[in-house]
């Protein structure tokens, strides 16, 4: 009689689990400890040298620039108050800002007269872009952005 052939089952290969577990825990710890790397809205860090660039060594000309300050109201984090040259307050009226800028332009200011848009920390980008749009619509071309220092 034929002997019953026993088939030996192939040995199951199992990868070593200890190194895999180590790697999984290391990845888990890595992603839990890494801080959130997103920049806050309205805040861009820069570290530029003062002694280089196209105006280094040239005398500074003192020109009274147009300053548009975007302030956050106390009672409403979603709104903005527009202040032009530290005295005209427009509230949220961007069309009023445009009319005032066009009035300054009509008084003979050149298109390259400097305009500074100065949003407070925490001001939403949409308000800054809206102010920028009003300055462009008034046909000013020398537009700067900065933080308030007062």
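Coordinate-derived values only; no laboratory data. Being a predicted model, the structure only gives us computed values, none of them experimental. Cβ: placed from backbone, ideal geometry, glycine included. Neighbour counts: every protein chain shown.
One table, with the values for the structure above:
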| item | result |
| --- | --- |
| Zone residues, region 104-128, relative to residue 92, backbone N less than 18 Å from point 7 Å out along Cα-to-Cβ | 120, 122-128 |
| FRET E, pair residue 104, residue 126, Förster distance 30 Å, beta-carbon r, rounded to 0.05 | 0.80 |
| Projected label distance in nm at residue 14 and residue 26, using a 7 Å step from Cα toward the beta-carbon | 2.3 |
